[in-house]
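Worksheet for the structure shown next.
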Amino acid sequence: MQRICSSASERRGMDTSSQSFELAELKQAFHMLTSVSKKMELSYERLKGQAEELKQELYEKNAKLVFSLREQERLEGFLEGILQNLPVGILVTDEAGKIRLANQKASDILERTERDLLGAGYADFEILGEVPLKPGASLEKRKGRTVYSCSVSSLSGSGTGDRGWVILIEDVTEIGRWKALAERQKRLSSMGEMGARIAHEIRNPLGSMELNAAMLLEELEGNPALYALAGRLASGVRTVTQTLSNLLNFAKGTDPRWERLEIPRLVGEALDFTGPLLREHQVRVQQDYAEQACSVLGDRILLRQALLNLIVNAVEGMEPGGCLRIGTVKQEETTGVWRGSPVMKVFVQDSGNGIPEGELDRIFDPFFTTKSQGTGLGLAIVNNIVESHGGIVEVESRVGTGSCFVMSLPCQQEESYDGYAAHPCGG
Ligand SMILES: Nc1ncnc2c1ncn2[C@@H]1O[C@H](COP(=O)(O)OP(=O)(O)O)[C@@H](O)[C@H]1O
Ligand SMILES: [Mg+2]
């Protein structure tokens, strides 16, 4: 019993010691847990900090990316804007000439939407048809009244797919117009100088020939055969003298006396002068003036002379019953010496036979005439007169349709542009 008791108390003692052992273990474990959890907490805090840093970094990188993306988009838009607004047509093709990009001007010139252009062959378009795909190739083509210069350069991209061609299509009509005028002016002034020198050289001997021919005629009055010969000689000399005086008139230059002129009144005077000729040829006359005041500073006699020459040419260029249209248009020049200033355009338009393309360059040259009785000085004189007023004279003519001569004179008032009607006399 005691034994039992002792062993019970022993057992109790044993229980207590194992309990305290367990407690110690538990305590240790708890300590470990606390320290581990502290460590974990620390690592968690560290990780959290790192995650926060990474998040911040990511945020910054993202912001930079968005910014550079926007910047790229802005740049793209900017370049696209430049491309679309360039006053030159631009086509980018692949190596075979298939269009991959076209700007607005190219669409306008080729009269196709950008969508229609993409994928089409560049050579399908008339003005580009003969342009070879070679670096530096260039060709001028006419489309109606407009002259286009088409030039090619090669596009060397980074990848093979990026290679191709850039085709520029530029409207060079105005450049050509001013170039032709400058060339004409240069040619005429050298012709004028030469003419004046020749006239000067032959004037004196011609004067004595005229005098001698007159004396000879007097001497030969009794001899009809010789008198006729001398008569022909005298008339030949007279013709040469007349030509010479025309030449001198042309070469001596003009010095305008300036006054303010109303164009309708000036035209009225020129039409009065040519009345008999107009009636004889049954010419219908239509006058058409710009709504605004039609006055310029100029020389009445000289400008009337220029109008007369143009009217006579118009009548001579038409069959009887033709139509003559005279008037004015006010326009602001966009190119050349008068860029931005108003210009008075006085036009004389006929419904005649027109002038062949090959002659258009020469009609202003002195002594160029296609008429058996012509002097070839009318237009050279018109050119001189208009030039002495600081203006230019130009012609547009189509065989079978008629011609329109336009004198452009600088003027002081600002007015708007009307444009010419397509046909004289409303036809
Ligand atoms: N309105 C016109 N219609 C057709 N041809 C014209 C016209 N005006 C001028 N021409 C051409 O220009 C040439 C030169 O004209 P111009 O200098 O006046 O000399 P001319 O009248 O003496 O021949 C004319 O011979 C003609 O061939
Ligand atoms: Mg003439």
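Bear in mind that the values in this text are calculations on the coordinates, not laboratory data. If you're wondering where the values come from, they're calculated on a predicted model, not measured in any experiment. Glycine also receives a Cβ, built like all others from the backbone with ideal geometry; neighbour counts cover every protein chain displayed.
Brief remarks on what is shown
- Applying D = kT/(6 pi eta Rh) to the chain, where Rh is the Kirkwood radius over alpha-carbon pairs, T corresponds to 4 °C and eta to 1.567 mPa s, the Stokes-Einstein value obtained is 43 µm²/s.
- Spacing of the modelled spin labels on SER20 and GLU130, each 7 Å from Cα toward Cβ, amounts to 12.0 nm.
- Unit charges on C-beta of K, R, D, E only; dipole of segment 243-304, Debye: 160 debye
- In straight-distance terms, cross-link reach from LYS141 covers every one of the aspartates and glutamates whose alpha-carbon lies under 17 Å from its own, apart from those fewer than eight places away in the same chain; here that gives ASP108, GLU111, ASP124, GLU126, GLU130, GLU170, ASP171, GLU174, GLU357.
- Most fluctuating residue given options PRO410, PRO135, PRO224, as computed from a GNM of the chain linking Cα atoms under 10 Å: PRO224
- Partners of LYS61 within straight-line reach, counting aspartates and glutamates whose Cα lies under 19 Å from its Cα and excluding those fewer than 8 residues away in the same chain: GLU52, GLU53, GLU71, GLU73.
- Averaging the sequence gap over all C-alpha pairs within less than 8 Å and six or more residues apart, then dividing by the number of residues, gives segment 176-251 a relative contact order of 42 percent.
- Cross-link partners of LYS38 among lysines (Cα-Cα below 30 Å; sequence separation of 8 or more within a chain): LYS27, LYS48, LYS55
- Using every pair of separate Cα atoms, the Kirkwood estimate puts the hydrodynamic radius of segment 100-175 at 13.1 angstrom.
- Using a simple spin-label model with pseudo-atoms 7 Å out from Cα toward Cβ, THR113 and LYS38 lie 7.7 nm apart.
- Nearest-ten-degree value, helix 300-316 long axis tilted from longest Cα axis of the chain: 90 degrees
- Taking the number of Cβ atoms within 10 Å of each Cβ as an exposure proxy, the fewest-first ranking of MET209, MET318 is MET209, MET318.
- Under the simplified labelling scheme, the GLN286-LEU79 pair shows an inter-label distance of 5.3 nm, with each label point 7 Å from Cα along Cα→Cβ.
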